[in-house]
Structure formats: C-alpha cells, structure tokens
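Below you'll find the structure, written out as structure tokens, and then a few comments.
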Amino acid sequence: MTINAEVPVAAARGGPVADAGGHRQQVAEGATSADLVLPLVALGGVGVLAGYGYVRRTRRARTRTTPGVGIGIGVVSTQPPVTPLPVLERQAGAALVQADDCLRTSREELAFAEARFGATAVEPFLQALRDAERELSAAFAIRLRYDRGVPEPKEEAARRQALAGIVGRCAEAGRRLDAEAPAFDQLRALEQEMNEALGIAETRFRELAARTGNVDATLTDLHARYPAPAASTATTTVTGYVEQAKDRLVFATTHLNQARQAAYLGHTGEAVRSLRAAEGAISQADALLNDVDRLANSLAAAAQLVPATLTGAESEIARATTKSPTGPLHTHLTHAHTTLAAVREELTGDRNRAHAHVHDPLDALRRIVQAMLPLSGARDGVLGAAAWLVTRNDVGSADGFVATHRGAVGVEARTRLAEAELLLATDPAAADEPALGARELAEQDVRVHGNPYTGTADEHTSGVGGAVLGGILLGEDPDGGPPLTFGGPATRKRRALPPT
C-alpha cells in the first residue's frame with residue numbers, strides 16, 4: 001500500500017546524441033551511386049548502434065558508482081524518495097483519528113434514524129457500523145503493538161508495513177461507511193420529509209432541556225456529599241458538564257429554529273444542514289448529562305461495596321500470608337496491609353462525621369484492587385466486582401470526554417481508550433490504568449487546543465465554539481463549517497452548502 005500520496009516523477013533523460021553518420025568514405029572513381037547506397041546505410045546503422053551502446057554502458061557504470069546521478073545532467077534514478085518514518089507515523093495517527101470521528105458521528109445520526117424508522121430499517125447501516133468498528137479496532141491494536149516496539153525499531157521495513165496496515169484498516173472502515181451513505185440518505189429522505197425529522201429532534205430537545213435541571217441538582221448533591229478534598233477525585237470528572245450540556249442545547253435550539261425557517265422558505269439544503277447540526281448537539285448534550293448520572297450511580301454503588309471489598313481483601317491477605325509469610329510476596333503483602341488500613345480508617349472516620357461519604361468510594365475501591373492485584377489478581381468474587389465497577393466507570397468517563405471533545409483529542413488518547421475498552425471485556429482490573437491515562441491525555445489535548453468558552457461573545461452565546469470542540473462542526477468557516485454526517489471520509493462533508 002502506498003501511504004505517501006505524492007508520486008515522484010523521474011527527471012528527463014538528456015545528453016549528447018551519438019553521431020549517426022560515421023566517417024563517409026570517398027566514392028571510387030567510376031563507381032555508380034547505386035553500388036554504394038546499401039553499404040553506406042549499413043555502415044551508418046552500425047555507427048548509431050555502437051554509439052548508443054557506448055553511451056548506455058557509460059551511464060550504467062557512472063550510476064553504479066554514484067547512485068541517482070547522471071552524466072552531469074541531474075537525477076536520473078526512477079526510484080521514489082523514501083518517506084521518513086515520522087511522517088508515516090503522523091499519517092497513520094491522522095487516519096485513526098479521522099476513522100474514529102466518522103464512527104462516532106455515524107452512531108449519533110443512526111440513533112435519530114432508528115428513532116424514526118425502527119431497528120429493522122436501520123439494520124444494514126448498523127451492520128456497516130459494526131464492520132467499520134472491527135476494522136478500526138484492528139487498526140488500534142496494530143498501533144498499540146507499534147507503540148510497544150513491535151516490530152522492533154531496528155526493523156524499519158516491518159514498521160513501515162505496520163503503519164501501512166493501520167492506514168489500510170482505517171481506509172476500509174471509512175469505505176464501509178461511505179458505501180452505505182447514499183442508501184442512508186435515501187432512508188432519511190430529509191429533503192422530502194423534513195417536518196417529521198424536525199419533530200423527532202425537537203421532542204428529544206425538550207426532554208433534555210427538562211432533564212437538565214434534575215441533573216444539575218444531582219451534581220449539587222454530589223458536591224455536598226463529597227466536599228474537599230474528596231471532591232477533587234469524586235466529582236472532578238464531571239465538573240462543568242451541566243453548563244456544557246446547556247451550551248450544546250443553546251446551539252441546538254438556534255439551529256432547530258433555522259431549520260424550520262429554511263424549510264418554510266423552501267431552502268432545503270440550508271434546512272438539512274441546520275437540522276443535522278442540531279442533532280449532533282442534542283446527542284452530545286445527552287452524553288454530558290448521562291456522564292453525570294453514571295458517576296452518581298457508580299459512587300452510590302461503590303459506597304455500598306467498600307465494606308465487603310475490604311473484608312474480601314483481608315481474607316485474601318490472610319490466605320497469602322499463610323502460604324508465604326516471607327519471600328517475594330512480602331513487599332506486596334506489606335503494601336496491601338497499609339492500603340487496607342488507610343481505607344478502613346477513612347471509612348471509620350466518615351461514620352463519626354456529619355457527612356456520610358466524605359471519602360471517595362470509587363477511589364477507595366481502586367486502591368484496594370490495585371493493592372491486591374499482585375496477590376490475587378482481583379479478578380474473582382467481590383474483588384472482581386469492585387474492579388469491574390471502577391473500570392467501567394473510568395472507561396465510560398474517558399469515552400464520554402473523547403466523544404464530546406473530539407475536535408481537539410488526538411491519537412494517543414484514543415489509542416489508550418481503545419486499549420482500555422479491549423481489556424474491559426477480558427481483564428477489568430488491568431483496564432483501569434489505560435482508561436485513566438486516556439482521560440488524562442484527552443484533557444491535555446483540550447488544554448492545548450484552547451477553551452472555546454473564553455472566545456468571542458458571539459461564539460459563546462451561539463454555542464459554535466463548543467460545537468467545533470465537540471466535532472459537531474468541522475470548524476472550516478466563520479460559522480463553524482458544515483456538520484458531519486453518517487459516512488466515512490469521502491461523504492462526511494456532503495451536507496456542506498454549495499458556494500454562492
């Protein structure tokens with residue numbers, strides 16, 4: 001597979017032309033011209049061939065000693081220049097980000113189509129989405145091995161092949177979605193049936209607007225239950241999420257109104273574009289509010305599970321101490337004892353305070369699980385349940401952040417998230433570290449990108465800055481650019497308005 005799209009062109013060959021005439025002999029007196037025509041032609045042909053052969057031999061000899069250099073006339077090698085490995089790595093990273101964005105956007109729009117037409121009607125597009133997900137998962141798996149030195153850095157040819165594999169997998173994921181984009185547009189038929197699609201989006205908008213107040217109250221309660229310093233770990237992952245959800249809803253209501261007006265005036269292209277932008281904002285507002293509710297539920301479940309997890313961990317320690325009171329496990333046993341004592345002290349101290357949950361129960365479970373990993377693996381029983389609860393929350397937190405800030409999140413955070421998602425199904429205890437790393441890297445990307453809420457007043461009040469940060473709009477124009485749609489790289493910008 002050719003990764004570099006630039007096709008090098010070989011320099012034109014040049015140089016002196018061999019003398020085709022040779023040395024003409026004097027015609028003997030009395031000889032007729034007919035007697036000498038054929039010999040002269042033959043002699044001239046021999047001269048041409050001999051001169052041409054000499055020039056070719058000379059050029060080959062010089063090219064072998066000085067590759068790529070002709071006879072004083074420039075480059076003559078037809079070999080394309082080798083693309084540096086760092087350039088290929090950036091191209092592979094960009095392909096992963098683009099494919100991931102296409103999948104996320106396609107899922108969002110597919111949900112609106114399913115709400116209108118039902119699960120049976122969208123099954124072909126759901127299958128295309130699953131196929132694309134498998135291709136992208138394979139691409140991320142190659143990237144994970146590559147980052148870990150497989151193939152080894154000294155095996156440059158193999159590493160180039162691995163990068164080509166990433167790009168190829170991403171291209172196939174996009175091709176699968178692109179192939180279904182025309183049929184998907186035919187199903188939705190937004191140009192002919194705008195009113196029904198608008199009705200579904202407006203109903204979903206009203207539901208979220210009503211829900212925002214309840215979620216805001218939930219977040220206020222979390223802050224009260226987990227004041228500082230526990231709040232620094234218990235609630236920080238959703239701080240500001242209600243405000244961001246409101247920002248997306250402001251953007252959505254603006255574009256829903258624009259879609260209604262454009263449809264009434266017969267400006268179908270503008271109506272479809274505005275509707276799709278509003279749908280993207282509604283999906284992200286929903287995701288932000290869901291993250292707050294998920295965290296509240298996880299904290300409540302963790303608070304109930306901490307005592308049983310402590311008891312289970314202490315039993316595991318006693319069993320491990322009986323088997324190996326000294327030796328290699330001694331250091332791990334000491335660390336586990338210390339961790340459990342600290343958590344139990346926090347739990348006992350909380351019962352004597354006015355607030356019932358001053359400590360962060362998710363963090364307490366996380367510390368217990370990590371301390372027990374070298375001893376029991378924390379994969380079964382109550383420890384396994386604790387590992388699953390913590391990791392599922394952390395993976396969900398990282399995925400929600402990437403989804404709602406994907407306009408700024410790069411390939412490293414997405415790769416770590418893919419690793420966590422893979423491990424969640426096979427080894428939850430091991431998945432927590434990459435999940436936390438994915439969230440941290442994604443937050444760093446957003447900080448480097450900049451906060452859209454500190455921009456111009458117009459960007460803030462219209463929600464355009466948040467829509468670009470969330471990947472709802474491409475951000476190519478002052479108004480945010482076209483909205484993204486179901487499909488791969490070749491079709492995702494099809495809702496862009498034609499130039500006027």
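For the reader, a short list of remarks on this structure follows.
- From the options Ala157, Ala230, residue that is at pLDDT below 95 and either out of contact with any Lys or Arg (no Cβ under 8 Å at 6 or more places or on another chain) or crowded, with 19+ Cβ neighbours inside 10 Å (or both): Ala230
- Thr426 vs. criteria more than 23 Å from Gly93 (Cα to Cα) and surrounded by fewer than 24 Cβ atoms within 10 Å (Cβ to Cβ): yes
- Of Asn290, Asn257, all but one fail to be under 26 Å from Thr491 (Cα atoms), surrounded by fewer than 21 Cβ atoms within 10 Å (Cβ to Cβ), at pLDDT 95 or above and not acidic (Asp, Glu); the exception is Asn257.
- Within region 446-461, tally of residues that are open to solvent by less than 30 Å² (accessible area, probe 1.4 Å), in a helix (DSSP H, G or I) and at pLDDT below 95: 1
- Residues in region 305-314 that are under 14 Å from Asp360 (Cβ atoms) and open to solvent by 20 Å² or more (accessible area, probe 1.4 Å): Leu305 only.
- Criterion violated by His267 - all others in (1) open to solvent by 50 Å² or more (accessible area, probe 1.4 Å); (2) touching a residue at least 40 places away in the same chain (Cβ under 8 Å) satisfied: (2)
- Arg248 being open to solvent by less than 70 Å² (accessible area, probe 1.4 Å), assigned to a helix (DSSP H, G or I) and at pLDDT 95 or above: yes
- Any hit, region 180-202, residues being farther than 28 Å from Arg260 by Cα and open to solvent by less than 40 Å² (accessible area, probe 1.4 Å): no
- Of all residues in region 143-152, those satisfying the criterion of being of a type outside the set (D, E, K, R) and either over 26 Å from Pro434 (Cα atoms) or within 18 Å of the chain's Cα centre (by Cα) (or both) are Leu144, Tyr146.
- The C-beta contact set for region 204-232 (first residue within 11 Å of Asp293 (Cα to Cα), second residue assigned to a helix (DSSP H, G or I) and of a type in the set (Asp, Glu), distance under 8 angstrom, 6+ apart or interchain) comprises Val215/Asp293; Thr218/Asp293.
Listed here are the residues, each with its yes/no results for (1) more than 17 Å from the chain's Cα centre (by Cα); (2) assigned to a helix (DSSP H, G or I); (3) of a type in the set (A, V, I, L, M, F, W, C).
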residue	(1), (2), (3)
Arg104	no, yes, no
Pro124	yes, yes, no
Ala141	no, yes, yes
Lys154	yes, no, no
Ala179	yes, yes, yes
Pro182	yes, yes, no
Gln186	yes, yes, no
Leu198	yes, yes, yes
Ala210	yes, yes, yes
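- Considering residues of region 464-478 that are in contact with a Leu (Cβ under 8 Å, 6 or more places away or on another chain) and in a loop (DSSP other than H, G, I, E, B) only, the residue surrounded by the fewest Cβ atoms within 10 Å (Cβ to Cβ): Leu474
- The one condition in (1) outside any helix (DSSP H, G or I); (2) without any contact (Cβ under 8 Å) to a residue 12 or more places away in the chain; (3) farther than 30 Å from Ala115 by Cβ that Gln192 fails to fulfil: (3)
- Figure legend. Inter-residue proximity from region 362-375: first residues closer than 15 Å to Ala308 by Cβ, second residues open to solvent by 40 Å² or more (accessible area, probe 1.4 Å), beta-carbon distance below 7 Å, spacing 6+ or different chains. Indicated pairs: Ala364/Glu346; Met372/Glu316.
- Residue check for Pro124: open to solvent by 60 Å² or more (accessible area, probe 1.4 Å) and modelled with pLDDT under 95: no
- Test result for Asp131, of a type in the set (Asp, Glu), closer than 24 Å to Arg414 by Cβ and open to solvent by 80 Å² or more (accessible area, probe 1.4 Å): no
- Within region 212-237, the set of residues being over 31 Å from the mean Cα position of the chain (by Cα) and in a loop (DSSP other than H, G, I, E, B) comprises Tyr226, Pro227, Ala228, Pro229, Ala230.
The values are calculated or read from the model by the stated rules, or taken from the named source; none is laboratory data. Fair warning: this is a prediction, and the values are worked out from it, not measured in the lab. With ideal geometry, Cβ positions are generated from the backbone for all residues, glycine too; neighbour counts draw on all protein chains shown. We work out accessible area using only protein heavy atoms, side chains counted, and drop any ligands, DNA or RNA first. Shrake-Rupley method; radii C 1.70, N 1.55, O 1.52, S 1.80 Å.
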